[in-house]
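Novice: Quick one: structure below, then a few questions.
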Amino acid sequence: MQNLNYFKWILIFMDILLIVIILIAFFDVNREYRDLNIVQTKAN
């Protein structure tokens, strides 16, 4: 029973980790996209 509880916490931790990774990747892409837009407006 103790082992099952431990496993449950690992799953919760992995879920949180996955969400954090997705958020970081999303903000990273947004920043790159914004930089690209700035470059394009300067070119125009």
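Novice: Give me the base-10 log of I(q)/I(0) for the chain at each q in 0.17, 0.31, 0.32, 0.34 Å⁻¹, Debye formula, one uniform scatterer per Cα, rounded to two decimals.
Specialist: The Cα Debye sum returns log10 ratios of -0.61, -0.94, -0.96, -1.00.
Novice: Based solely on its DSSP helices, what 222 nm [θ] is calculated for the chain when runs of n ≥ 4 H residues each add -39,500 (n - 2.57) and the sum is averaged over all residues, nearest 500 deg cm²/dmol?
Specialist: -35500 deg cm²/dmol
Novice: Let me ask you something else. Full extension from residue 31 to residue 3: what is 0.36 nm times the residue separation minus their Cα-Cα distance, to one decimal in nm?
Specialist: 5.9 nm
Novice: Shifting gears a bit: Relative to the longest principal axis of the chain, what angle (0 to 90°, nearest 10) does the C-alpha long axis of helix 2-43 take?
Specialist: 0
Novice: With the crude spin-label approximation of a point 7 Å out along Cα→Cβ, what separation in nm comes out for residue 11 versus residue 42?
Specialist: A separation of 5.0 nm, rounded to one decimal place.
Quick note: the coordinates plus some simple rules give every number you see, no bench work behind them. Worth saying up front: this structure is predicted, and the values here are computed from it rather than measured. Because the Cβ atoms are built from the backbone with ideal geometry, glycine has one as well, and the counts that use them run over all protein chains shown.
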